[in-house]
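Throughout, read-outs are computed from the coordinates displayed, never taken from laboratory work. Here the structure is a predicted model, which is why all the values come from computation and not from measurement.
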Amino acid sequence: MTAAIMVLMMWAALAIAGNTPFGRLLHRMMVDMPARLANRLSRAHVAVTFVILVLVVLHLSAGEADPVRLLGLFAPDLAMWLIGFEISTVIELAAGFAALATWCWINARNAVAALVARLWKRPRAKPKQARRRQRRDRVSPANDDEDGAELALAG
């Protein structure tokens, strides 16, 4: 309880001190340094801490149980496995292989469906080609003075 009261008092002092030299010192000690230290933590540190906390809880709750003590002896090996062999990588690999298998399955299914449709489709009769219209000879204009011009009737 005393530690919590001390932290609250230092937090209040930090808020009151503001931009004074003492306030900057408190800011470096209470904000910057813990942030730098927390920035250095990795997933391995968190995994090892989690394993140790689980083992401590098991030891405290199990009492004289020998399997829990045997598990406690296995803790360093388990921690090395968690540090050296990242579970997140295995999960990402499994997700990647699942996505690849799904993609291959969908493409293979579509290819087989297209092949079956092509093989079983009845050959269609070729569509009848539209008849071409023959161009009519253009009627020569009435004012054509060339040979073969005809008399035009104005109406």
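Quick one: 3J(HN,Hα) in Hz for region 3-19, Karplus 6.51/-1.76/1.60 with θ = phi - 60°, rounded, Gly and Pro as x.
Karplus values, whole Hz, x for Gly and Pro: 5, 5, 5, 5, 5, 4, 5, 5, 5, 5, 5, 4, 5, 7, 5, x, 9.
If each residue of separation counts as 0.36 nm, what is the full-extension length gain between Met1 and Leu41 once their alpha-carbon separation is subtracted?
Details: separation 40, 0.36 × 40 = 14.40 nm, distance 2.75 nm.
Separation in residues times 0.36 nm, less the Cα-Cα distance, equals 11.7 nm.
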